Each structure stands twice: as C-alpha cells, then as structure tokens.
Amino acid sequence: MLQKPRGTRDFLPDEMERRRLIEERMRAVARRWGYREVCTPNFEYLELFTMKSGEEIIQEMYVFEDKSGRQLTLRPEVTASVLRMYVNEGRVLPKPIRWCYFADCFRYERPQKGRYRQFWQFGVELIGADTALADAEVIMLADDLLHTSGVEFDLHVGHLAPMKHILRDLPPDDHRMVMAHLDRHDPQALGHALEAKGLGDRTELLLALSECREIDEVFEIAGDVPERPRIEETFTILDSQGIRYRPNFGIARGLDYYTGMVFEAFAPNLGAENQILGGGTYRLAYLFGGDDAASCGFAVGFDRIMVSIGDFPLEYEPVVGVVCTPEARTRALEIARAFRKTGIRTEVDLMQRSLSAQLSHAARTADYAVVVGQRECEAGTVTLKNLHTGEQRETTLDDAVAEVMRFGRC
RNA sequence: GCCAGGGUGGGGUAGUUGGUUAUCCUAAGGGACUGUGGAUCCCUCGACCCGGGUUCGAAUCUCGGCCCUGGCCCCA
C-alpha cells in the first residue's frame, strides 16, 4: 500500500474539527489585539532563508528546483516571508504594523513526539514599534493566546543584553558558542571554552545569570547594562497586568537573530520537544532590502499545543438522516434541503438501501430519522423519528425542522 | 546523522524452540427483513512492511532497507 511521506500526518474529521476550533480561537485573540491575518507563499526562493539563517539550514529544508531552474524551498518558518512581504508591500503602511498568520511549514528533520516534517505555526509580527510597551504587548498577546487555547504552560521571559554585556570582550562569533554551552546546562564545557579565550572569570557570572530569577539580581551580576531601563520597564508592565512568567536570562537556544527581549513557553506534559512558543525582538527588514525596522514577534507550535491539550469533546450538533422509499426520492431531497437551509447537518442514502437498512444506518450515524414514502408524499407530511428515544410522529416539515433545532438545548 | 523498542486484514490482536488452508474481536458491505433500528444469525471483503539469505519448508532464524514510537543531535 502507498504510504504517506515520513513525518507527515493524516487528520480524520474529529481531529480536524478540534484543530479548527483551537485555530479559530487563536485567530480571534490576535484579531482582538489588532493583529490581522496575512498569507505568504508556501514556497519561496531559497535565498530568503539562507540570508536570514545561513547556508547550514539548507540540509534541514525541502529544497527543489523549478522548471526554469530557480532554487526554491518549502518554507521552514514564516517570519522571513512576512518580513519580505513587509519590505515588498508594507513599507508605506502606517506604523506599527500588526500582522498574524497560520501556516504549515516544512523541515527535513528526524520526526519524534511533537516534531513532524510538515507542521503548523501560528505567529504574530509587530513591525515598526521599538518600545518597552511594544515588547510587552507581544508577550501579553502570547500569554492571552496560550490561555485561550486551553494549554497549560510555563512562560519564560528574558533579554539578551545582560549576557552580551558579560561577553562584550568576545567577538560576536564566539557568543554563539558560549550560548550553546549555556543552553545545554554544561558548565564544564562552558568553563573550558571561556578559559581558552582567557575569560575564565566570566563562567561564574554566566552561570549565575542563567540561574537568576530576580530582575534586580540580574544587574548585580551583569553590571551596568545600558538596556536596563528598557528591560525594567517591560517587566514592570507585565507585572502590572498580572502576567505570570519566570524571568530567565539564560534563554539562548537558537536565537541568533534576536536583538533584545526574548521569550519562550513550555508545556510541562510534553516530552523532549516541549517548547510550544518562542519569540522576541529582531531586525530583519534591512536584510531583504528594506529599512532597519524594529520588529517583535513569536510563533506557536500548533501541533505541540494540540498534543499537549489532548482529545476533548466537541460541541455536539444534531444529525438528520433522511430515509425514503424509491418513489419518494424527489420529496426526500426537498426535505433535506429544508433542513440544511437552517444549518442542520443532513444526510440522504446514496446506496439504494432498503428502508430498513437506511434506518439501521441512520441509527448509527444520526440523531433523527426523517422517514418519507408514498404515504407522507400524498399527505404532505414527514415522519420524524427520534433515534435516541425511539419515539416517532407524523408532522409537517416545518415542525420537524423546529424540533430538531431544539435538540440538545434542554 | 546516531541509539533503543517495534511493524500480522481499515482498527485492535493470537500465533514466533521453523511445519497443513494464519486465530479471534471489531469496523465496512450485503442478506434473513420490498414502510421502521443499534440485538441475533448468515454471507462477503480483507493481513504476516519490502527485498536478499539459510532451509525440503520462513510470519517465526539471519542480513539490508523502509516505516512507526520514543530519545540523542539540532531546533530558524
């Protein structure tokens, strides 16, 4: 049998309805904050992503050549596309720009729990606002979004400035290496690496910084960080609005292009892949030929949210099965149309089943059967049967529709 | 790319010291029943992941691959 490609999934209707429900909640939250949805191409020039993230990421992407020899790739993320779009068409729009997106992305990686080769991200980008409140708004929106989706999560908020301040003697290329060791909670490797650079005295500071949970202590450790007022203002805003988060100035993983505030969220009930959200401030527009607009955004790992939430019951809507004899087929289709017009899910037999077989099928798949044969056709009525109670009565079509609409409201 | 455990009808399973026609449940389609049910009975459909090797004989042993689950690495 033909298999689906590795790392992809099929979604049956029950799961699809759950996904759509959560997706719609996220859209609604973003809309309430003024973030309107945009859509960018599923594939882009390879260059867009290598400019942003470097040549190494090619091996993690679905890269292909089109019939004209263009180097293209399925998008591995959406931020680069949104910023390209901003440079292409958004520069004249009034600032700040608030956009959101929901899109599938593709990465050629080894699948595991919560990690797939096709996966969905919900994200927002705030472009053109460079203030503490802008940073805080994006975090508060992330918090609102996660709460509204129903997932349990821990929110970590940090800023890269204190760490960069401690490492200010090091060339930027070395920052990455140091951050990688820090992120892996590998103090020995970190110590050795700094020792080799003649900065062994910084090891203690960095470790203390990543352990630190109080903002005041951050500056005792890191010293006179120029960004201190901005950082404090952001945290003050979050506190004033009752946002629950953990200050974490050790956040460093894979955040090459972030410039200041960074934040992440984790779902405690997931496995190795438990990060469900990541974001921060960055500057990308100039890379794609635009101005040096300050930006701030985040992306939610939608599939991980769904894994973390697990199955939940969907709101139930009544289903009607129209059961008819062959001579009543035209009337049956009219009846089905009348039910559908009021929004009721209505199904008719397509398999030329006997009346008894139609009813038997309806009993498994519907809440009501509407039986129509020659008798009802001549009398201008329908027989409405409640398949849960077994009660049935002959009545008018309008009355039958009205009864089904009352279903589940008592 | 690496490690561990797996792969038997659509779903769930039995069978693996090699041995007849591969077990059972369920789902799906039909019938018993041409104007009334989910029960019951009957029928139908449908599987040993793929390929090589060992053997008289492989679902079973062996090697390689693919895929699944989880972990490592990575995580824009």
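Computed from the coordinates by the stated procedures, all read-outs in this text should not be read as laboratory data. Computed from a prediction, not measured in an experiment: that's the story for all the values here. Heads up, the Cβs are rebuilt from the backbone with ideal geometry, glycines too, and the neighbour counts pull from every protein chain shown.
Amide H to amide H, which residues 5 or more places from A:Y62 or on other chains are under 5 Å from it, using H placed in the peptide plane? Distant-sequence amide H within range of A:Y62: A:L74, A:Y108. Among the GluC sites (Glu not before Pro) in region A:229-325, those located in a DSSP loop and surrounded by at most 13 other Cβ atoms within 10 Å of their own Cβ are A:E315. Karplus-derived 3J(HN,Hα) values for region A:336-348, using 6.51 cos²θ - 1.76 cosθ + 1.60 with θ = phi - 60°, are 4, 4, 5, 5, 5, 4, 8, x, 7, 5, 9, 10, 10 Hz; glycine and proline are entered as x. Listed by chain and number, the lysines whose C-alpha is less than 16 Å from the C-alpha of A:K197, apart from same-chain residues fewer than 8 away, are A:K164.
Where both partners of a DSSP beta bridge lie in region A:319-405, what percent of those bridges are antiparallel, to the nearest 5? So the antiparallel bridges amount to about 45 percent of the total.
The slack between A:I309 and A:H185, meaning 0.36 nm per residue of separation minus the straight C-alpha distance, is 41.8 nm. Ranked for footprinting exposure by Cβ neighbours inside 10 Å, fewest first, A:S149, A:S53, A:S356, A:S68 give A:S68, A:S356, A:S53, A:S149.
Straight-line cross-link reach from A:K385 at under 13 Å between alpha-carbon atoms covers these aspartates and glutamates, not counting any fewer than eight positions away in the same chain: A:D367, A:E394, A:D399, A:E403.
Placing a pseudo-label 7 Å from each Cα along the Cα-to-Cβ vector at A:M177 and A:D154 gives an inter-label distance of 3.1 nm. Pairs of alpha-carbon atoms within less than 8 angstrom and 6+ residues apart define the contacts here; what relative contact order does chain A have, in percent? Computed value for chain A: 15 percent relative contact order. Of the GluC sites (Glu not before Pro) in region A:18-76, not one is in a loop by DSSP (not H, G, I, E or B) with at most 10 other beta carbons within 10 Å. Using a cut-off of under 18 Å, list every residue of region A:69-102 whose amide N is near the label point 7 Å from the Cα of A:Y108 along the Cα-to-beta-carbon line. From region A:69-102, the list is A:69-77. Working from label points 7 Å from Cα in the Cα-to-Cβ sense, the A:Q352 to A:Q118 distance is 3.7 nm. Please work out the Cα center distance from region A:13-57 to region A:374-404, rounded to the nearest Å. A separation of 47 Å, based on Cα centres. Give the lysines whose C-alpha is closer than 23 Å to that of A:K4, dropping any in the same chain fewer than 8 places away, or say none. Those lysines meeting the cut-off are A:K113.
Over chain A, dividing the summed -39,500 (n - 2.57) contributions of all DSSP H runs of at least 4 residues by the number of residues returns a 222 nm mean residue ellipticity of -11500 deg cm²/dmol.
Here A:T234, A:T325, A:T148 are placed in order of increasing Cβ neighbour count within 10 Å, fewest first, which gives A:T148, A:T325, A:T234. Site-free segments of chain A were taken between trypsin sites (Lys or Arg not before Pro) in DSSP loops having at most 16 other Cβ atoms within 10 Å, sites themselves excluded; the longest one is A:254-352. Approximating the spin labels as points 7 Å out from Cα along Cα→Cβ, the A:R364-to-A:N42 distance works out to 3.4 nm.
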